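Participant: Below you will find the structure I want to go over with you.
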Amino acid sequence: MLFNSAAFLVFFPIVSIVYLLLPGKLRRIFLLAASYYFYMSWNAKYAVLILFSTVVTWLSGLAIEKVRTETQDSNDKSRKKEKAILAACITVNLAILFVFKYLNFSINTISAIRKILISGADSLGTLNLLLPVGISFYTFQALGYVIDCYRGDFKAEKSFIRYALFVSFYPQLVAGPIERSKNLLAQINTVPDKSRKELFNYDRIRDGLFLMLWGMFLKLVIADRVGILVDYVFDNYYKHGTGALILGAIGFGIQIYCDFGSYSTIAAGAAEVMGFNLMENFVAPYFAQSVTDFWRRWHISLSIWFRDYLYIPLGGNRRGLLIKLRNLMITFAVSGLWHGAAWTYVFWGILHGLYHVVESLIKPLITRIKKDFEIPEGTFGVRFINAVITFAAVDFAWIFFRAPSIKSAFDYIRVMFTTPDFWLLEGEGLYTLGLNAAQFRILSIALLALLFADIVREKTGKRFDRWMAGQWAPFRIICGVTLLVVTVVFGVYGAGFDARQFIYFQF
Amino acid sequence: MKRRFAQAAAFIIASVLIISGIYGVISYKATGGGGGFRNYYGLGKNTVDVLFIGSSHAHCSVNNAQLWNEKGISSFTLSSANQSIDTTWYFLKEAFKTQHPKMVFAETFNFNRSDETEELTDEELTNVYRADLLTKFSTDTFGRVLSQQKDYGFDDNLRNELLLRFPIIHTRYEELTAEDFSNETSYKKGYQGSFETGQMRDPEANDEIIMPDEKCTGYIDKITKLCKEEGAELILFCAPGGANTEEYSRQNGIKAYAESCGIKFINMNSPEFMDRIDTSTDFRFDEHLNNSGAAKVTAYIEELIDENGTCADHRGDKAYSSWDKDALYVRDRFLVGSLLNAETLGDYIAALSEDKDRLDVIVSFSGNHAAMGEEGKAVFTGLGIDSDSFDRGGTYKVSGGVITDVVTPESDVSTIKLGKKDCRIKYHEDEEKQIITADISLDLVNYGAFVNGATVLLYDPEIDAVVDCIYMDFFESGLQLLRHEGMDLITY
């Protein structure tokens, strides 16, 4: 079920109202059933996978806890057993992930290598498997929980219902944010204790609904509109030149931000309506001052996951510069692979790893230059230039993320740098890229709204809904009504458009 | 808490008001022919005595204004191009909610057509859209959409879009016209005539019968039952349209089924009926009747209404004034039909003679209009512009043959009242060429300005509509009579 579908328009109010009205004890069971219904509306069979993953990780958490409790005196032995349970749990879950997401990719890669090594070698057969929606998200969330239990950071959850709800909580089930047990599971545990008065908190429900509306605006008015241009440019890049291809690349940077950001925003809003507080997943990422800063603002829940469960266990930055650089490269290559079973994603990850490596290496030089030339930190000009340079680097990498193959990505870049077409900006040229003049005008105004929201986030440190909550009521109402009307009228949805899946569903 | 409740209420009320206002603007208005639901819903309650439904032949074959002018019959045509029988049923059901016609004529050209394709064709989708997006939202909407889903087998996605409506209509913001903001022809009852004349083949009459399928007979039964319940006489008819062998056989099937149910069916493609129709003068190029053919079919329908005897003469009744306006509108169209043949200004004024007193005429002189000479001056005198006025130039409003308003070239932007509307005139001076030209602006349309000559704009103040606009421009080759490009005159 897509957030931007008619089905969700019916599902969400029913689930929210029933949840808010139910007695405490029944709330979790109801929410779990609703979450499974939400997931099964895509493919009912794949609910078995999420259930299996849930059972395995839940039992693993309990087993680790049991071993720790029973063998308190013999720490080494206990630690080995716990490690074995953890390893088995990770293996099983990653095996499922591998089979459904990476097996065909691996087979194709082996086929390609065989063809290079053995002339006339046939392609190996692939399996007809459908990628279960959100498998990477819930697998990582569940593994995070087991690792937390293993580290003693979180006590194993005894109730299967509570834990199953943590793994399958519908707002963030298929595209994050990847929640930590300390945050979401802890909130799930307090569900029955919440009084009806607490649940029916007007301000919270209002802010949640506003957040959902803002998310819908990002998705339907910006992401799916700019997506028309992006699809056109990437499908026809060989017909165009520098201007069009730069526009396509920038367009994709905007599309993926608004697409993924909107999912996290709607998820946070839907959760907030029911009294849950999900972590913030995006913080004005294109205002980042460096690529390192970008990853503190982009898909924060995944960045933290990789930092805590991969980068730091690999040694982090505590074992010297070389090990740190190696760890950065490994982490980002794996992050790339997490995003998709294709070499384009791996390349994209490696590129970001390289950006980090370069930034780490030139950091002393930059510091020196800033000092010698007395470049004032924090001024608008410096921040603006830093943001532009960072965006250019990040957006360049997005080309690999969007292109169907590494070869076509390089070809795209080659055309972009070698075929001038700046006259595109004259006359009607701009309107030959999939969006007409009216669509461009709507997009431009909507982007100004996005810019405003990101400036608010940057300047005040408050999420857009929280900032809005502090504004004068008539202003809030006007903004809310405007957002609603603009989304309903100018959104890209309905007849003539395929309801676009959120890009991150495929991960 | 009270304040919060008020805030929430303010948000909801403002959203509902704005979105419903926007819905009114961006919703589809055109029913695909006929008078359309927009005009139908605007009628006074229970004012329609005769209802015509069915395909485009219904609105091309029956002239509602003729029925009104000759017998005072209040009729309305709720047809649409390629109207399928299920759409006819939904239209009829909706029609009976606000009106209780005494007679229902259903045109059957599209009734007995079977479509074997599994995919929803464009024509089917159009029919579905018309039935679902043009009618008012009511409890019937759900049943109708679900029933159509069963008939056409479309997916849940389309079902949801039809129920929510906005997913389908919201993109119309790119194609809005003045018609979306105001209904300038709310009086129209549905007849869509044409002066076009094309040769039509004779119908391929035969005795073979292709019986209608279950879906078709099911809907005929429903239509019959509803008409019976509402006390309306149902008459099925297939308008003249050069039916080919198969189409003729399918109409034979409709006839057979209708007669078995005791319903009157008139096949106007039959040799007996075609005796009334001239295939060389009564059709357009596209198999529909033109004004001449429609007059004959309408006269026949009039006889049937007379036979029924339940429809009163409503002429002179204020509650039926919109039928007067519709008749005026059609009269204006017929006037334009005769004006179209005028090649000179003299011919034009002569063709206008019977109607000029009921119309407002704007005459605006531009540039060296005197170049039109004494001959031109004499013609304008026939319109009510005296010799001195002609010499002075400027812009004149002539009503009932008398000048009632004048705008001189020295004025700034001036306004002349036309019916309920303001017509704005602004003169421009080209100092280099020493020429003064006039811009005439009405309803955001500019009807000026020519260099040397005059603009003649005919306006019907009763229905507040421009009837015709011509330009006389004096070139080296002499006086030319040109028509404003925005006038759609042949078919209306």
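Participant: How many of the residues making up region B:269-282 are in contact (Cβ under 8 Å) with a residue 40 or more places away in the chain and among the aliphatic types (A, V, I, L, M)?
Facilitator: Of the residues in region B:269-282, 1 are in contact (Cβ under 8 Å) with a residue 40 or more places away in the chain and among the aliphatic types (A, V, I, L, M).
Participant: Suppose the filter is over 30 Å from A:G378 (Cα atoms), free of Cβ contacts under 8 Å to residues at least 12 places away in the same chain, crowded, with 18+ Cβ neighbours inside 10 Å and within 11 Å of another protein chain (Cβ to nearest Cβ); does A:V488 pass it?
Facilitator: For A:V488, the condition - over 30 Å from A:G378 (Cα atoms), free of Cβ contacts under 8 Å to residues at least 12 places away in the same chain, crowded, with 18+ Cβ neighbours inside 10 Å and within 11 Å of another protein chain (Cβ to nearest Cβ) - is met.
Participant: Sort through B:A232, B:A243 and tell me the only one that's farther than 25 Å from B:C311 by Cα and more than 14 Å from chain A (Cβ to nearest Cβ).
Facilitator: Of the residues listed, the single one that is farther than 25 Å from B:C311 by Cα and more than 14 Å from chain A (Cβ to nearest Cβ) is B:A243.
Participant: A follow-up question, please. Consider only pairs whose beta carbons are under 9 Å apart and that are at least six residues apart or on different chains; among these, list those whose first residue lies in region A:159-174 and is touching a residue at least 40 places away in the same chain (Cβ under 8 Å) and whose second residue is outside any helix (DSSP H, G or I) and of a type in the set (D, E).
Facilitator: A:Y163/A:E157; A:F169/A:E179; A:Q172/A:E179
Participant: Select from region A:368-392 the residues that are closer than 22 Å to A:C258 by Cα and touching a residue at least 40 places away in the same chain (Cβ under 8 Å) and write down the one among them that is surrounded by the fewest Cβ atoms within 10 Å (Cβ to Cβ).
Facilitator: Ranking the candidates gives A:N386 first.
Participant: Sort out which residues of region A:3-15 are surrounded by fewer than 18 Cβ atoms within 10 Å (Cβ to Cβ) and either more than 14 Å from chain B (Cβ to nearest Cβ) or not in a helix (DSSP H, G or I) (or both), and write them in order of number.
Facilitator: Passing the criteria: A:S5, A:I14.
Participant: Do you know which residues across region A:341-385 are outside any helix (DSSP H, G or I) and more than 25 Å from A:L97 (Cβ to Cβ)?
Facilitator: Across region A:341-385, the qualifying residues are A:F373, A:E374, A:I375, A:P376, A:E377, A:G378, A:T379.
Participant: Still on this model: Only one residue in A:L103, A:L117, A:L130, A:L143 is under 27 Å from A:V55 (Cα atoms) and loosely packed, with under 14 Cβ neighbours inside 10 Å, so which one is that?
Facilitator: On inspection, the qualifying residue turns out to be A:L130.
Participant: While we're on this one: Determine whether A:L430 is at pLDDT below 90 and not charged (D, E, K, R).
Facilitator: Answer is yes for this residue.
Participant: Which one of the conditions (1) without any contact (Cβ under 8 Å) to a residue 60 or more places away in the chain; (2) in a helix (DSSP H, G or I); (3) over 30 Å from B:N46 (Cα atoms) does B:S321 fail to meet, given that it meets all the rest?
Facilitator: Unmet condition: (3).
Participant: Residues that are in the same structural domain as A:F490 (by TED's automatic domain parsing), under 22 Å from the mean Cα position of the chain (by Cα) and at pLDDT 95 or above: find the helices (runs of 4 or more DSSP H) completely inside region A:184-253 holding 2 or more of those.
Facilitator: A:202-216, A:224-235
Participant: Something else: Which count do you get for residues in region A:433-475 that are free of Cβ contacts under 8 Å to residues at least 40 places away in the same chain, part of a helix (DSSP H, G or I) and within 23 Å of B:Q7 (Cα to Cα)?
Facilitator: Residues that pass the stated criteria total 4.
Participant: Restricting attention to region A:393-430, which residues are exposed (fewer than 14 other Cβ atoms within 10 Å of the Cβ), part of a helix (DSSP H, G or I) and under 31 Å from the mean Cα position of the chain (by Cα)?
Facilitator: A:K407, A:R414, A:F417
Participant: Okay, next question. Is region B:160-177 home to any residue that is modelled with pLDDT under 90 and away from chain A (no Cβ under 14 Å)?
Facilitator: Yes: one or more hits.
Participant: If you scan region B:170-193, which residues turn out to be of a type in the set (G, A, S) and free of Cβ contacts under 8 Å to residues at least 24 places away in the same chain?
Facilitator: Passing the criteria: only B:S182.
Participant: Please specify each residue of region A:330-340 satisfying the condition of being out of contact with any His (no Cβ under 8 Å at 6 or more places or on another chain) and either free of Cβ contacts under 8 Å to residues at least 40 places away in the same chain or part of a loop (DSSP other than H, G, I, E, B) (or both).
Facilitator: A:I330, A:T331, A:A333, A:V334, A:G340
Participant: Any idea which of A:A473, A:A495, A:A469 is within 14 Å of another protein chain (Cβ to nearest Cβ) and modelled with pLDDT under 90?
Facilitator: When all the criteria are applied, what remains is A:A495.
Participant: Which condition number does B:R392 fail, the rest of (1) surrounded by fewer than 17 Cβ atoms within 10 Å (Cβ to Cβ); (2) of a type in the set (K, R); (3) at pLDDT below 85 being met?
Facilitator: Going through (1) surrounded by fewer than 17 Cβ atoms within 10 Å (Cβ to Cβ); (2) of a type in the set (K, R); (3) at pLDDT below 85 one by one, B:R392 breaks only (3).
To keep it simple, each residue is scored yes or no on (1) closer than 30 Å to B:V62 by Cβ; (2) among the basic types (K, R); (3) in contact with an Asp or Glu (Cβ under 9 Å, 6 or more places away or on another chain); (4) exposed (fewer than 14 other Cβ atoms within 10 Å of the Cβ).
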| residue | (1), (2), (3), (4) |
| --- | --- |
| B:D122 | yes, no, no, yes |
| B:R130 | yes, yes, no, no |
| B:V145 | no, no, yes, no |
| B:L176 | no, no, no, yes |
| B:D180 | yes, no, no, no |
| B:G193 | yes, no, no, no |
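Participant: Where in region B:335-453 are there helices (runs of 4 or more DSSP H), lying wholly inside it, with at least 2 residues that are out of contact with any Ser or Thr (no Cβ under 6 Å at 6 or more places or on another chain), closer than 15 Å to B:M472 by Cβ and among the aliphatic types (A, V, I, L, M)?
Facilitator: Counting at least 2 such residues, we get B:345-352, B:373-383.
The values are calculated or read from the model by the stated rules, or taken from the named source; none is laboratory data. Source: prediction; values computed, not measured. Here the Cβ is made from the backbone with ideal geometry for all residues, glycine too, and neighbour counts use every protein chain on show.
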